[in-house]
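For reference, the structure discussed in these notes is given below.
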Amino acid sequence: MIKAVVGANWGDEGKGKIVDVCAKDAHVVVRFQGGSNAGHTIINDYGKFALHQLPSGIFHEGITNVLANGVALNVDYLKKEIEEVKASGVNFNLIISDRAHVLMPYHILLDVYEEERLAERQFGSTKSGIAPLYSDKHAKTGIQVWELYSDMLKPKINDIIDKINIIFKNLYNKPELDKAEIYETLRRYGEYVEKNICDTSAFLRNAIKEEKNIFLEGQLGALRDIDHGIYPYVTSSSTLAGYAAVGAGIAPYSITEIIAVTKAYSSAVGEGPFVVKMSGEEANTLRMKGGDAGEFGATTGRPRDVGCFDAVATRYGAKLQGATQIALTAIDVLEYMDEIPVCTGYEIDGEVIEDFPVTDKLYKAKPVIKKLPGFRENIRGITEFNKLPKNAQNYVNFVEEAIGVPVSIVSTGPKREEIIMR
Ligand code: GDP
């Protein structure tokens, strides 16, 4: 069984929790794209963790955690995260693709300097160096893990630094990089990951042959996908389940289930259009009630924009993911509402549409709001669907119908056990 767990929205949907819950049946958990630019918050017996680089399978014994080819590998961050989770008593197996791209110290600097230069025209980068890394990857000036051990590394790095120093000096007016220092950093990186690296794609193909249970864990959500998201307010890799096969190096048809995760309301961190954005008191209340789920992004600590459930955006996201199931998270947060607003369409220049349009039209769109009856009860921790108040059940059914995909998992709180499997 090979399942992908991916985001249907802007990220922060609660994928980490869903993977952590489902991972008890997994033999392998794989991250196939992205890097330390997004975080999964997980609360379990070991404590509370915001994982950025490590897969969410690390908390279950006997699982092999994989950082696959499509990942952006920040070795400094990985080291810090490994030290943190190990200090909490967590032990795990980790393998890293020999073809993953290494995040270089200058990628972060390029990200920071470029956002500084753009000033108010910023893209809302997390300044983790992800866009420069993927730019280099596609320009074929990136460094794959195997290159850390190659004789070709030094001349390649020398060339790259010559070019970067011209940019640093002339475009950003910043100090130039020292080649020897970069080279020493890379030697350190190579030493640190050496025992973990292998051909992870071959490992996964073998695991498939042995009929192992594999979870492919997406980062961010469909609306931040480089090809289909709210460009240019997107991430620099593909966040879609379709890419999971590519990033992991397995056959596309081997993925049998795709669980798209969506929150019972909307939240987004970073720049870009957000049609259902609430403001003032209404937003503050939802943000506060959301607690961790609503307040701040796990990577940047930036306050999230919040709004009601957006059926137009979520249906688009779920379809792009090719979702076979939906996991609906944070429904407990809506407990305080007498009536729960949901967005069923976008009004643009007097016309109502139900399909998700391109970015400039999103800026013009006004949400068409429908109000559903609230359930006004604390449902935190309920584990059976028929124990939910009728109006909460109706809300789940509304979401299911609006997206057109069965809601098979309902999360009723941030903890591992606060979950309904339908
Ligand atoms: P991810 O990147 O998709 O894993 O999401 P994040 O970890 O960035 O954000 C999701 C937040 O929602 C985290 O703080 C989770 O602890 C929290 N969360 C997940 N599921 C639930 C839920 O069912 N109820 C509540 N109240 N919070 C949840």
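The values are calculated or read from the model by the stated rules, or taken from the named source; none is laboratory data. Bear in mind that the values here come from a model prediction, so they are computed numbers and not experimental data. Cβ coordinates were reconstructed from backbone atoms using ideal geometry, including for glycine residues, and neighbour counts include every protein chain displayed. Note: accessible area is taken over every heavy atom of the protein model, side chains too, but ligands, DNA and RNA are not part of it. Shrake-Rupley method; radii C 1.70, N 1.55, O 1.52, S 1.80 Å.
With both labels modelled 7 Å from their Cα along Cα-to-Cβ, the ASN391 to ASP349 distance reads 3.9 nm. Among beta bridges identified by DSSP and lying wholly in the chain, the antiparallel ones come to about 40 percent.
Scanning residues 5 or more positions from LEU220 or on other chains, those with amide H under 5 Å from its amide H are ASP12, with H placed 1.01 Å from N in the peptide plane.
For the range 167-190, the residues whose backbone nitrogen is under 19 Å from a point 7 Å from the Cα of ALA139, taken along Cα to Cβ, are 167-179, 182-183.
In terms of accessible area, using a 1.4 Å probe and ignoring ligands and nucleic acids, TYR46, TYR363 rank largest first as TYR363, TYR46.
Over the chain, DSSP H runs of length four or greater, each weighted -39,500 (n - 2.57), average out per residue to a 222 nm ellipticity of -9500 deg cm²/dmol. For a modelled paramagnetic label at SER254, 7 Å from Cα along Cα-to-Cβ, the residues of the range 178-222 in reach, with backbone nitrogen under 15 Å, are 199-217. In percent, rounded to a whole number, the relative contact order of the chain is 20, using alpha-carbon pairs under 8 Å and six or more apart. Listed cross-link partners LYS48/LYS390; LYS289/LYS364; LYS289/LYS371; LYS15/LYS195; LYS127/LYS195 are compared with a 22 Å cut-off, the Cα-Cα value being larger for LYS48/LYS390; LYS289/LYS364; LYS15/LYS195; LYS127/LYS195. A straight Cα-to-Cα reach below 13 Å connects LYS140 with the aspartates and glutamates ASP159, residues fewer than 8 places away in its own chain not being considered.
By definition, a body whose alpha carbon gyration tensor gives a ≥ b ≥ c is oblate when a/c is 1.5 or more and a/b is not larger than b/c, and the range 171-298 fits this oblate description. In plain terms, the chain from GLU401 to ASP338 could stretch by 20.5 nm, reckoned as 0.36 nm per residue minus the Cα-Cα distance.
Entry note, the range 1-140: relative contact order of 20 percent, from Cα contacts under 8 Å with a spacing of 6+ residues. The orientation-averaged projection of the convex hull spanning the C-alpha atoms of the range 53-94 amounts to 2.8 square nanometres.
Pairs from the list LYS79/LYS163; LYS263/LYS387; LYS17/LYS137 with a Cα-Cα gap above 27 Å: LYS79/LYS163; LYS17/LYS137. Only Cα pairs under 8 Å and 6+ residues apart enter the sum, and on that basis the relative contact order of the range 220-268 stands at 22 percent.
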